[in-house]
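The values are calculated or read from the model by the stated rules, or taken from the named source; none is laboratory data. These numbers come from a predicted model, not from an experiment. All Cβ positions, even for glycine, are placed from backbone atoms using ideal geometry, and neighbour counts span all protein chains on display. Just the protein is used for accessible areas: all its heavy atoms, side chains included, with ligands, DNA and RNA removed. Shrake-Rupley method; radii C 1.70, N 1.55, O 1.52, S 1.80 Å.
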Amino acid sequence: MAGNMGLICKRCFPQATRATDRFHVQKLATNALQEMRIKYRWEAMDQENEAIERSRRTARPFQPEVLHNGDTIKQLLVRNRYVLYKRPSAWIESQKNCAELLLERFPDLKTAYGLSFGLS
């Protein structure tokens, strides 16, 4: 799948047909899902930093949003990395609750998660 390998194959084996195996396609999809999660985590960190700065300017104590499982948004995005690698049937109860929170809060992640596991 690498561009340089495609060029080598084309030059050395001009009549060959290239094929991509299922494992690598699944890996690319899972990596893209994790990149989305990381992007949302950075956004949550930026929003929290801005809220902390606003609270300093107004001399009010900072209170992050705490979800019903006790996590902040930032914690939810950090702690549930491995949940996105598993099928829902493999989640334990606490993972199921966290995954539901995560996928409800971030519909794009839910769509990407469904597409990723739809490949297998």
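Restricting to lysines 8 or more places apart or on different chains, can you count the pairs in the chain with Cα atoms under 27 Å from each other?
16
What full-extension length gain, to one decimal in nm, is calculated for R54 and E104 as 0.36 nm per residue of separation minus the Cα-Cα distance?
Value of the extension gain: 15.3 nm.
Enter the accessible area per residue of the range 19-120 (Å², integer; probe 1.4 Å; all protein chains in place).
68 Å²
Classify the chain from the C-alpha gyration tensor, please: rounded if a/c falls under 1.5, else prolate or oblate depending on whether a/b exceeds b/c.
In terms of gyration-tensor shape, oblate.
Rounded to a whole number, what % of the accessible area of the chain do carbon and sulfur atoms account for, probe 1.4 Å?
Answer for the chain: carbon and sulfur cover 55 percent of the accessible area.
Per Stokes-Einstein, at 4 °C and 1.567 mPa s, what whole-number D in µm² s⁻¹ belongs to the range 3-56, with the Kirkwood radius over Cα pairs as the hydrodynamic radius?
The Stokes-Einstein estimate is 87 µm²/s.
Treating only the Cβ of Lys, Arg, Asp and Glu as charged (+1, +1, -1, -1), what charge dipole size does the chain show about its Cα centre? Round to the nearest 20 debye.
440 debye
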